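Below is one structure, written out as C-alpha coordinates, with a few remarks after it.
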Amino acid sequence: MKLLQKLLLCLFALPLAGVAGTVADTFPERPVRIIVPFPPGGGTDTVARTVAAKLSERWNVPVTVDNRPGGNTLIGAEMAARAAPDGYTLFLPIDSTLAMNQSLYAKLPYDPINGFAPVSLAVTMPMVLAVHPSVKARSVKDLIGLAKSSDGKLAYAHGALPAQVAGEAFRAAAKVDMVAVPYKGSGPAMTDVVGGQVPVIFDALGPAIAFVKSGKVRPLAVTSAKRSPSLPDVPTLAESGLPGMDLVTWIGFVAPAGTDRAIIAKLNGEITRILKLPETSEKLGAMGMDVVASSPEQFTQTIKDDATKLGAVIKAAGIKLD
(Lines give C-alpha, C1' and ligand atoms only; values in the text may rest on other atoms or scores of the structure.)
Protein backbone atom coordinates (compact mmCIF):
# COMPACT_ATOMS: atom_id res chain seq x y z
CA MET A 1 0.00 0.00 0.00
CA LYS A 2 2.80 2.43 0.90
CA LEU A 3 4.58 1.61 -2.36
CA LEU A 4 1.39 2.36 -4.31
CA GLN A 5 1.01 5.70 -2.52
CA LYS A 6 4.57 6.67 -3.39
CA LEU A 7 4.01 5.75 -7.05
CA LEU A 8 0.84 7.83 -7.19
CA LEU A 9 2.61 10.82 -5.63
CA CYS A 10 5.39 10.57 -8.20
CA LEU A 11 2.87 10.39 -11.04
CA PHE A 12 1.11 13.54 -9.81
CA ALA A 13 4.42 15.37 -9.26
CA LEU A 14 5.81 14.72 -12.74
CA PRO A 15 3.28 16.86 -14.62
CA LEU A 16 3.72 19.70 -12.12
CA ALA A 17 7.48 19.63 -12.53
CA GLY A 18 7.02 19.63 -16.29
CA VAL A 19 4.76 22.68 -16.12
CA ALA A 20 7.24 24.60 -13.92
CA GLY A 21 10.05 23.78 -16.30
CA THR A 22 7.96 24.92 -19.29
CA VAL A 23 7.09 28.23 -17.64
CA ALA A 24 10.76 29.07 -17.08
CA ASP A 25 11.85 27.75 -20.48
CA THR A 26 9.36 29.89 -22.39
CA PHE A 27 9.74 33.03 -20.24
CA PRO A 28 9.35 35.79 -21.34
CA GLU A 29 6.55 35.58 -23.88
CA ARG A 30 5.38 39.20 -23.53
CA PRO A 31 6.79 42.62 -22.47
CA VAL A 32 8.62 42.92 -19.15
CA ARG A 33 8.36 46.03 -16.97
CA ILE A 34 11.06 47.34 -14.64
CA ILE A 35 9.74 49.74 -11.98
CA VAL A 36 12.21 52.43 -10.90
CA PRO A 37 11.25 54.50 -7.83
CA PHE A 38 13.04 57.63 -9.12
CA PRO A 39 12.67 60.08 -12.02
CA PRO A 40 14.49 59.44 -15.31
CA GLY A 41 18.15 60.35 -15.51
CA GLY A 42 19.52 59.29 -12.11
CA GLY A 43 21.82 56.43 -11.21
CA THR A 44 19.06 53.90 -10.51
CA ASP A 45 17.33 54.79 -13.77
CA THR A 46 20.61 54.38 -15.68
CA VAL A 47 21.15 50.89 -14.24
CA ALA A 48 17.60 49.90 -15.18
CA ARG A 49 17.81 51.23 -18.74
CA THR A 50 21.24 49.72 -19.35
CA VAL A 51 20.00 46.26 -18.35
CA ALA A 52 16.59 46.69 -20.02
CA ALA A 53 18.15 47.45 -23.41
CA LYS A 54 20.31 44.33 -23.29
CA LEU A 55 17.42 42.14 -22.10
CA SER A 56 15.27 43.37 -24.99
CA GLU A 57 17.98 42.37 -27.43
CA ARG A 58 18.43 38.99 -25.78
CA TRP A 59 14.75 38.08 -25.45
CA ASN A 60 13.36 39.89 -28.49
CA VAL A 61 10.52 41.31 -26.40
CA PRO A 62 10.12 44.89 -25.10
CA VAL A 63 11.64 45.49 -21.66
CA THR A 64 10.46 48.90 -20.50
CA VAL A 65 11.35 51.15 -17.57
CA ASP A 66 8.43 52.51 -15.56
CA ASN A 67 9.51 55.50 -13.45
CA ARG A 68 7.42 55.87 -10.27
CA PRO A 69 9.20 58.47 -8.11
CA GLY A 70 8.15 59.84 -4.74
CA GLY A 71 7.64 58.96 -1.11
CA ASN A 72 11.24 57.92 -0.46
CA THR A 73 10.72 55.00 -2.93
CA LEU A 74 7.50 53.91 -1.15
CA ILE A 75 5.29 54.55 -4.20
CA GLY A 76 7.30 52.34 -6.54
CA ALA A 77 7.87 49.69 -3.88
CA GLU A 78 4.16 49.33 -3.10
CA MET A 79 3.31 49.04 -6.79
CA ALA A 80 5.96 46.38 -7.34
CA ALA A 81 5.00 44.39 -4.24
CA ARG A 82 1.39 44.20 -5.44
CA ALA A 83 2.27 43.14 -8.99
CA ALA A 84 1.60 39.61 -10.20
CA PRO A 85 4.46 37.27 -9.18
CA ASP A 86 5.05 36.02 -12.72
CA GLY A 87 8.44 37.55 -13.56
CA TYR A 88 6.99 40.19 -15.85
CA THR A 89 7.41 42.96 -13.26
CA LEU A 90 10.82 43.71 -11.77
CA PHE A 91 11.75 46.43 -9.29
CA LEU A 92 14.97 48.32 -8.53
CA PRO A 93 15.13 49.10 -4.80
CA ILE A 94 17.99 50.93 -3.15
CA ASP A 95 19.29 50.25 0.35
CA SER A 96 16.82 52.62 2.01
CA THR A 97 13.88 50.80 0.36
CA LEU A 98 14.60 47.39 1.86
CA ALA A 99 17.11 47.99 4.67
CA MET A 100 16.24 51.39 6.19
CA ASN A 101 12.58 52.26 5.76
CA GLN A 102 11.37 49.72 8.32
CA SER A 103 13.40 51.63 10.93
CA LEU A 104 12.19 55.03 9.71
CA TYR A 105 8.44 54.48 9.39
CA ALA A 106 5.97 53.10 11.91
CA LYS A 107 4.07 51.44 9.05
CA LEU A 108 5.00 50.61 5.46
CA PRO A 109 2.72 49.77 2.51
CA TYR A 110 4.98 46.79 1.69
CA ASP A 111 7.03 44.17 3.52
CA PRO A 112 10.72 45.01 2.93
CA ILE A 113 11.96 41.56 3.96
CA ASN A 114 9.24 39.15 2.80
CA GLY A 115 7.47 41.19 0.13
CA PHE A 116 10.03 40.61 -2.61
CA ALA A 117 12.10 37.84 -4.16
CA PRO A 118 15.70 39.09 -4.55
CA VAL A 119 17.19 38.47 -8.00
CA SER A 120 20.62 40.11 -7.92
CA LEU A 121 22.52 42.93 -6.28
CA ALA A 122 23.52 45.18 -9.19
CA VAL A 123 25.88 47.91 -8.00
CA THR A 124 27.28 49.45 -4.87
CA MET A 125 28.46 53.01 -4.40
CA PRO A 126 30.23 54.61 -1.44
CA MET A 127 29.38 57.97 -0.03
CA VAL A 128 32.05 60.62 -0.10
CA LEU A 129 32.83 63.04 2.71
CA ALA A 130 33.83 66.33 1.11
CA VAL A 131 34.30 69.97 2.08
CA HIS A 132 34.22 73.36 0.41
CA PRO A 133 37.77 74.36 -0.69
CA SER A 134 37.79 77.21 1.83
CA VAL A 135 37.54 74.76 4.75
CA LYS A 136 40.95 74.36 6.36
CA ALA A 137 40.57 70.63 6.96
CA ARG A 138 42.76 68.56 4.65
CA SER A 139 42.00 65.21 6.28
CA VAL A 140 39.35 63.47 8.36
CA LYS A 141 41.52 64.05 11.42
CA ASP A 142 41.57 67.78 10.65
CA LEU A 143 37.79 67.82 10.21
CA ILE A 144 37.23 66.07 13.53
CA GLY A 145 39.43 68.65 15.22
CA LEU A 146 37.53 71.45 13.50
CA ALA A 147 34.19 69.97 14.54
CA LYS A 148 35.28 69.72 18.17
CA SER A 149 36.62 73.27 18.21
CA SER A 150 33.42 74.65 16.65
CA ASP A 151 31.43 73.44 19.65
CA GLY A 152 28.74 71.67 17.61
CA LYS A 153 28.22 74.47 15.12
CA LEU A 154 29.89 72.81 12.11
CA ALA A 155 27.19 71.83 9.61
CA TYR A 156 27.03 69.12 6.98
CA ALA A 157 24.59 68.85 4.08
CA HIS A 158 22.86 65.70 2.85
CA GLY A 159 20.26 65.15 0.15
CA ALA A 160 19.26 61.52 0.67
CA LEU A 161 18.74 59.05 3.48
CA PRO A 162 21.88 56.95 2.84
CA ALA A 163 23.98 60.11 3.05
CA GLN A 164 22.22 61.18 6.26
CA VAL A 165 22.85 57.77 7.81
CA ALA A 166 26.51 57.99 6.78
CA GLY A 167 26.74 61.42 8.41
CA GLU A 168 25.17 60.16 11.63
CA ALA A 169 27.47 57.12 11.68
CA PHE A 170 30.45 59.45 11.24
CA ARG A 171 29.30 61.67 14.10
CA ALA A 172 28.96 58.67 16.40
CA ALA A 173 32.30 57.10 15.42
CA ALA A 174 34.23 60.37 15.59
CA LYS A 175 32.45 61.46 18.80
CA VAL A 176 31.68 64.91 17.41
CA ASP A 177 28.55 67.02 17.30
CA MET A 178 27.61 68.48 13.92
CA VAL A 179 24.48 70.13 12.56
CA ALA A 180 22.72 68.06 9.88
CA VAL A 181 21.23 70.19 7.10
CA PRO A 182 18.71 68.20 5.01
CA TYR A 183 17.94 68.94 1.35
CA LYS A 184 15.41 67.56 -1.10
CA GLY A 185 17.98 65.83 -3.24
CA SER A 186 21.70 65.61 -3.84
CA GLY A 187 21.68 68.46 -6.37
CA PRO A 188 20.44 71.22 -4.04
CA ALA A 189 22.72 69.98 -1.25
CA MET A 190 25.81 70.09 -3.46
CA THR A 191 24.80 73.48 -4.87
CA ASP A 192 24.86 75.04 -1.41
CA VAL A 193 28.18 73.41 -0.49
CA VAL A 194 29.78 74.58 -3.75
CA GLY A 195 28.35 78.03 -3.06
CA GLY A 196 29.84 78.07 0.43
CA GLN A 197 26.54 78.13 2.33
CA VAL A 198 27.33 74.80 4.04
CA PRO A 199 30.96 73.72 4.59
CA VAL A 200 30.66 69.90 4.61
CA ILE A 201 28.70 67.30 2.66
CA PHE A 202 28.06 63.57 2.70
CA ASP A 203 26.91 62.50 -0.76
CA ALA A 204 26.75 59.40 -2.93
CA LEU A 205 29.88 59.23 -5.07
CA GLY A 206 27.94 59.09 -8.35
CA PRO A 207 26.36 62.56 -8.24
CA ALA A 208 29.36 64.03 -6.39
CA ILE A 209 32.19 62.80 -8.59
CA ALA A 210 32.02 65.59 -11.18
CA PHE A 211 32.27 68.24 -8.43
CA VAL A 212 35.19 66.40 -6.83
CA LYS A 213 37.13 66.06 -10.08
CA SER A 214 36.51 69.69 -11.02
CA GLY A 215 37.88 70.86 -7.65
CA LYS A 216 34.63 72.49 -6.56
CA VAL A 217 34.71 70.37 -3.40
CA ARG A 218 37.64 68.64 -1.70
CA PRO A 219 37.17 64.94 -0.88
CA LEU A 220 38.43 63.78 2.52
CA ALA A 221 37.30 60.15 2.55
CA VAL A 222 34.96 57.55 1.11
CA THR A 223 32.70 55.47 3.34
CA SER A 224 33.41 52.04 1.82
CA ALA A 225 35.75 49.41 3.27
CA LYS A 226 38.06 49.76 0.25
CA ARG A 227 39.08 52.77 -1.78
CA SER A 228 36.91 53.53 -4.79
CA PRO A 229 38.45 52.87 -8.22
CA SER A 230 36.93 56.19 -9.26
CA LEU A 231 38.93 58.05 -6.55
CA PRO A 232 41.94 55.85 -5.86
CA ASP A 233 43.85 58.61 -4.04
CA VAL A 234 41.06 59.30 -1.54
CA PRO A 235 41.36 57.24 1.68
CA THR A 236 38.56 55.38 3.40
CA LEU A 237 37.17 56.47 6.74
CA ALA A 238 38.73 53.34 8.25
CA GLU A 239 42.14 54.36 6.91
CA SER A 240 41.51 57.82 8.34
CA GLY A 241 41.26 56.60 11.93
CA LEU A 242 37.65 55.38 12.15
CA PRO A 243 37.91 51.56 12.01
CA GLY A 244 34.86 49.54 11.14
CA MET A 245 33.26 52.26 9.02
CA ASP A 246 31.86 50.54 5.92
CA LEU A 247 28.73 52.13 4.49
CA VAL A 248 27.77 51.86 0.84
CA THR A 249 24.53 52.54 -0.93
CA TRP A 250 23.34 49.86 -3.34
CA ILE A 251 20.88 49.14 -6.14
CA GLY A 252 19.49 45.71 -6.92
CA PHE A 253 16.87 43.76 -8.86
CA VAL A 254 13.92 42.07 -7.14
CA ALA A 255 10.62 40.50 -8.21
CA PRO A 256 7.36 40.27 -6.27
CA ALA A 257 7.35 37.58 -3.57
CA GLY A 258 6.06 34.24 -4.83
CA THR A 259 7.70 34.46 -8.25
CA ASP A 260 8.63 30.98 -9.48
CA ARG A 261 12.16 30.06 -8.40
CA ALA A 262 13.02 28.81 -11.88
CA ILE A 263 12.11 32.22 -13.32
CA ILE A 264 14.17 33.95 -10.60
CA ALA A 265 17.12 31.75 -11.58
CA LYS A 266 16.66 32.64 -15.26
CA LEU A 267 16.41 36.36 -14.47
CA ASN A 268 19.51 36.14 -12.30
CA GLY A 269 21.50 34.45 -15.07
CA GLU A 270 20.51 37.02 -17.68
CA ILE A 271 20.95 40.10 -15.48
CA THR A 272 24.29 39.07 -14.00
CA ARG A 273 25.59 38.26 -17.50
CA ILE A 274 24.73 41.80 -18.61
CA LEU A 275 26.22 43.38 -15.48
CA LYS A 276 29.51 41.56 -16.07
CA LEU A 277 29.89 42.86 -19.64
CA PRO A 278 32.93 45.20 -19.94
CA GLU A 279 30.80 47.94 -21.51
CA THR A 280 28.35 47.79 -18.61
CA SER A 281 31.09 48.03 -15.98
CA GLU A 282 32.72 50.90 -17.88
CA LYS A 283 29.47 52.84 -18.24
CA LEU A 284 28.38 52.45 -14.62
CA GLY A 285 31.93 52.83 -13.30
CA ALA A 286 32.10 56.28 -14.89
CA MET A 287 29.21 57.19 -12.59
CA GLY A 288 31.07 56.05 -9.48
CA MET A 289 29.31 52.68 -9.28
CA ASP A 290 30.97 49.33 -8.64
CA VAL A 291 29.23 46.42 -10.38
CA VAL A 292 28.35 43.58 -8.01
CA ALA A 293 26.49 40.77 -9.78
CA SER A 294 25.34 38.41 -7.04
CA SER A 295 23.22 35.33 -6.45
CA PRO A 296 19.70 35.76 -5.04
CA GLU A 297 20.92 34.24 -1.76
CA GLN A 298 23.81 36.69 -1.46
CA PHE A 299 21.49 39.63 -2.13
CA THR A 300 19.04 38.35 0.48
CA GLN A 301 21.83 38.25 3.06
CA THR A 302 22.97 41.77 2.14
CA ILE A 303 19.45 43.09 2.75
CA LYS A 304 19.19 41.37 6.14
CA ASP A 305 22.68 42.44 7.26
CA ASP A 306 22.14 46.07 6.25
CA ALA A 307 18.71 46.17 7.88
CA THR A 308 20.39 45.26 11.18
CA LYS A 309 23.44 47.51 10.78
CA LEU A 310 21.71 50.58 9.38
CA GLY A 311 18.72 50.15 11.65
CA ALA A 312 21.03 50.46 14.64
CA VAL A 313 22.49 53.73 13.29
CA ILE A 314 19.00 55.12 12.60
CA LYS A 315 17.76 54.18 16.07
CA ALA A 316 20.80 55.68 17.81
CA ALA A 317 20.40 58.93 15.85
CA GLY A 318 16.65 59.06 16.49
CA ILE A 319 15.79 59.53 12.81
CA LYS A 320 12.07 59.18 12.04
CA LEU A 321 10.06 60.09 8.94
CA ASP A 322 6.52 59.87 10.27
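The values are calculated or read from the model by the stated rules, or taken from the named source; none is laboratory data. All figures in this text were calculated on a predicted structure; none of them were measured in a lab. Neighbour counts run over all protein chains shown; Cβ positions are idealised from the backbone, glycine included. Note: areas computed on protein heavy atoms with side chains; ligands, DNA, RNA excluded. Shrake-Rupley method; radii C 1.70, N 1.55, O 1.52, S 1.80 Å.
Name, by its number, the condition in (1) free of Cβ contacts under 8 Å to residues at least 40 places away in the same chain; (2) assigned to a helix (DSSP H, G or I); (3) open to solvent by less than 50 Å² (accessible area, probe 1.4 Å) that does not hold for Val193.
Here Val193 clears every test but (1).
Select, from Gly288, Gly318, Gly252, Gly258, the only residue that is of a type outside the set (Asp, Glu), within 15 Å of the chain's Cα centre (by Cα) and on the phi > 0 side of the Ramachandran plot.
From the options Gly288, Gly318, Gly252, Gly258, the qualifying one is Gly288.
Inside region 241-277, can you point out the residues that are assigned to a loop (DSSP other than H, G, I, E, B), crowded, with 21+ Cβ neighbours inside 10 Å and not β-branched (Val, Ile, Thr)?
The answer is Met245, Leu247.
Restricting to region 282-307, count the residues that are assigned to a helix (DSSP H, G or I) and either open to solvent by less than 60 Å² (accessible area, probe 1.4 Å) or β-branched (Val, Ile, Thr) (or both).
Count: 9.
Working carefully through the options Ala221, Ala257, Ala265, Ala208, find the one that is in contact with a helix residue (DSSP H, G or I) (Cβ under 8 Å, 6 or more places away or on another chain) and modelled with pLDDT under 95.
Details: Ala221 fails: modelled with pLDDT under 95; Ala257 fails: modelled with pLDDT under 95; Ala265 fails: modelled with pLDDT under 95.
Testing whether each residue is in contact with a helix residue (DSSP H, G or I) (Cβ under 8 Å, 6 or more places away or on another chain) and modelled with pLDDT under 95 leaves just Ala208.
Give the number of residues within region 72-115 that are closer than 20 Å to Val47 by Cβ, without any contact (Cβ under 8 Å) to a residue 60 or more places away in the chain and either open to solvent by 10 Å² or more (accessible area, probe 1.4 Å) or not in a helix (DSSP H, G or I) (or both).
3
Six or more apart or on different chains, Cβ atoms under 8 Å: show the pairs whose first residue is in region 35-54 and modelled with pLDDT of 90 or more and whose second is basic (Lys, Arg) and open to solvent by 60 Å² or more (accessible area, probe 1.4 Å).
Ile35/Arg68; Val36/Arg68; Pro37/Arg68; Thr46/Lys283; Thr50/Lys283
Could you tell me whether Val217 is under 22 Å from Ser281 (Cβ atoms) and surrounded by 17 or more Cβ atoms within 10 Å (Cβ to Cβ)?
It is false that Val217 is under 22 Å from Ser281 (Cβ atoms) and surrounded by 17 or more Cβ atoms within 10 Å (Cβ to Cβ).
I'd like the residue in region 116-136 that is outside any strand (DSSP E or B) and modelled with pLDDT of 95 or more and, out of all such residues, is least open to solvent (accessible area, probe 1.4 Å).
Ranking the qualifying residues of region 116-136, first place goes to Val135.
Which one is modelled with the lowest pLDDT, of the residues in region 137-171 that are of a type in the set (D, E, K, R) and open to solvent by 40 Å² or more (accessible area, probe 1.4 Å)?
Asp151
For Ser186, state whether it is among the hydroxyl-bearing types (Ser, Thr, Tyr), modelled with pLDDT under 90, surrounded by 14 or more Cβ atoms within 10 Å (Cβ to Cβ) and over 20 Å from the mean Cα position of the chain (by Cα). Explain how you work it out, then say what you get.
Details: among the hydroxyl-bearing types (Ser, Thr, Tyr): yes; modelled with pLDDT under 90: yes; surrounded by 14 or more Cβ atoms within 10 Å (Cβ to Cβ): yes; over 20 Å from the mean Cα position of the chain (by Cα): no.
Taking the combined requirement at face value, the residue does not satisfy it.
Of the residues in region 34-67, how many are outside any helix (DSSP H, G or I), under 19 Å from Glu78 (Cα atoms) and open to solvent by less than 20 Å² (accessible area, probe 1.4 Å)?
4
Considering only residues that are polar (S, T, N, Q) and closer than 10 Å to Val51 by Cβ, which ones fall in region 273-285?
Hit for region 273-285 is Thr280, nothing else.
Is one or more of the residues making up region 268-289 aliphatic (A, V, I, L, M) and touching a Phe, Trp or Tyr at 6+ places or on another chain (Cβ under 6 Å)?
Checking region 268-289: at least one residue is aliphatic (A, V, I, L, M) and touching a Phe, Trp or Tyr at 6+ places or on another chain (Cβ under 6 Å).
Kindly establish whether Leu310 is open to solvent by less than 20 Å² (accessible area, probe 1.4 Å), aliphatic (A, V, I, L, M) and at pLDDT below 95. Spell out how you get there, then give the answer.
Details: open to solvent by less than 20 Å² (accessible area, probe 1.4 Å): yes; aliphatic (A, V, I, L, M): yes; at pLDDT below 95: yes.
It is true that Leu310 is open to solvent by less than 20 Å² (accessible area, probe 1.4 Å), aliphatic (A, V, I, L, M) and at pLDDT below 95.
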